[in-house]
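The values are calculated or read from the model by the stated rules, or taken from the named source; none is laboratory data. Since we're looking at a predicted model, the values are computed, not measured. Positions of Cβ are generated from backbone atoms using ideal geometry, with glycine treated the same way; all protein chains shown enter the neighbour counts. Accessible surface areas use protein heavy atoms only, side chains included; no ligands, DNA or RNA. Shrake-Rupley method; radii C 1.70, N 1.55, O 1.52, S 1.80 Å.
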Amino acid sequence: MAFLDHVRACNVYSIADFVPFHVGPAKVGWIRRSLSLELMRFGSLFHVFEDLVHLEPNLTTPEDRTRAVADALAALAEDGVISRLRGEAYPVIERLGTEPLFEIDRGVATEFGIVNRGFHLNGLVGEEAETRMWVARRALNKSTYPGRLDNMVAGGHPAGLSARENLLKECAEEAGIPEALAARARPVSMVSYTMEVPQGLRRHAFWSYDLQVPEDFTPVPVDGEVHEFRLLPVDEVARIVETTDEFKYNCNLVIIDWLMRTGRIDAEHPDFHALSVGLHQPWP
């Protein structure tokens, strides 16, 4: 196990089994060929070709597209073709910084290979050699990666919220961080990767925040997402990442990014260049 193993694991995929998903001229996702055939049942809503799925062009507004796709997703979920719907809307965008073309349920973001945004927050106590990091252990009953280690706070980016609003919301809900403290978090980096999983293609991009936490503040689980919080020396956090898979897969990338930004993984490290490139991969 090494730092680079985690980065490589998040960037393994073969695009050969996927077809691009378009809204007008915008490529907004990638869909497995097997799922694209299932979409043919919805008549002209999805124009399905051998090498392309195109949403009906007569749906001209984001609202019309959202409603039409939601009805189709409900039918697919009821038949067990796609994952369960989660009742949380994610924006469908061509690339970062563009306006949403419609909204889709978070539960099927991977099946449709849309750009999935979010954030991870490093909670830091102390400075230099005395730095410690707050680490969360995910709830033992979570449906995904139960009991794995996690960053202090992390969350997807739902439709209708700014990055700052989402940060403040998740900090309060996951760790009981007051708004005045959470507002001090600094966006310092962005990590991106493409990862093939059984459900489809994860095309993820998330902001990385650093938050200096006072010595007398202790995060507390609020919404049941976290089992416990532990304050660990950063050398111990680095050891866990470098030698184990105890952290949820993408949390490793956030910590590696922090270790590089703070010089703990320096230019003399044999994988420095590969890590630098691997943390900021362009999507297909």
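Contact map, the stretch 268-284: first residue closer than 14 Å to ASN250 by Cα, second residue among the aliphatic types (A, V, I, L, M) and in a loop (DSSP other than H, G, I, E, B), Cβ cut-off under 9 Å, separation 6 or more or different chains; pairs are LEU275/ILE265.
So that you can scan it fast, the table gives a plain yes or no per residue for (1) open to solvent by 10 Å² or more (accessible area, probe 1.4 Å); (2) assigned to a helix (DSSP H, G or I); (3) of a type outside the set (Val, Ile, Thr):
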residue	(1), (2), (3)
GLU242	yes, yes, yes
ASN252	no, yes, yes
ILE256	no, yes, no
MET260	yes, yes, yes
ARG264	yes, no, yes
GLU268	yes, no, yes
ALA274	yes, yes, yes
VAL277	yes, yes, no
PRO282	yes, no, yes
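Each residue in the stretch 167-191 was checked for being surrounded by 15 or more Cβ atoms within 10 Å (Cβ to Cβ) and of a type in the set (D, E, K, R), and 4 of them qualify.
On the basis of being surrounded by fewer than 22 Cβ atoms within 10 Å (Cβ to Cβ) and at positive phi, does GLY147 make the cut? Before you say what the answer is, go through the steps one by one.
Working: surrounded by fewer than 22 Cβ atoms within 10 Å (Cβ to Cβ): yes; at positive phi: yes.
Against the criterion (surrounded by fewer than 22 Cβ atoms within 10 Å (Cβ to Cβ) and at positive phi), GLY147 qualifies.
For the stretch 150-160: of the residues being hydrophobic (A, V, I, L, M, F, W, C) and open to solvent by 10 Å² or more (accessible area, probe 1.4 Å), which is nearest to the chain's Cα centre (by Cα)? So, considering only residues that are hydrophobic (A, V, I, L, M, F, W, C) and open to solvent by 10 Å² or more (accessible area, probe 1.4 Å), the one nearest to the chain's Cα centre (by Cα) is ALA154. Within the stretch 114-134, one or more residues are open to solvent by 10 Å² or more (accessible area, probe 1.4 Å), farther than 26 Å from ASN11 by Cα and basic (Lys, Arg). Inspection of the stretch 59-81 finds no residue satisfying the criterion of being assigned to a strand (DSSP E or B) and surrounded by fewer than 17 Cβ atoms within 10 Å (Cβ to Cβ).
How about the stretch 37-58: which of its residues are in a helix (DSSP H, G or I) and not charged (D, E, K, R)? Listed by number, the residues that qualify are LEU37, LEU39, MET40, PHE42, GLY43, SER44, LEU45. From the list VAL222, VAL234, pick out the single residue that is under 24 Å from GLU127 (Cα atoms) and at pLDDT 95 or above. So the residue among VAL222, VAL234 that is under 24 Å from GLU127 (Cα atoms) and at pLDDT 95 or above is VAL234.
Would you mention how many residues in the stretch 55-92 are in contact with a Gly (Cβ under 6 Å, 6 or more places away or on another chain) and of a type in the set (S, T, N, Q)? Let's see the steps before the verdict.
Let us first name the residues in the stretch 55-92 that are in contact with a Gly (Cβ under 6 Å, 6 or more places away or on another chain), namely 83-86.
Cutting the leftovers down to of a type in the set (S, T, N, Q) gives us 83.
Of the residues in that region, 1 qualify.
Among the residues of the stretch 20-36, at least one is assigned to a helix (DSSP H, G or I), in contact with a strand residue (DSSP E or B) (Cβ under 8 Å, 6 or more places away or on another chain), open to solvent by less than 40 Å² (accessible area, probe 1.4 Å) and within 15 Å of PHE112 (Cβ to Cβ).
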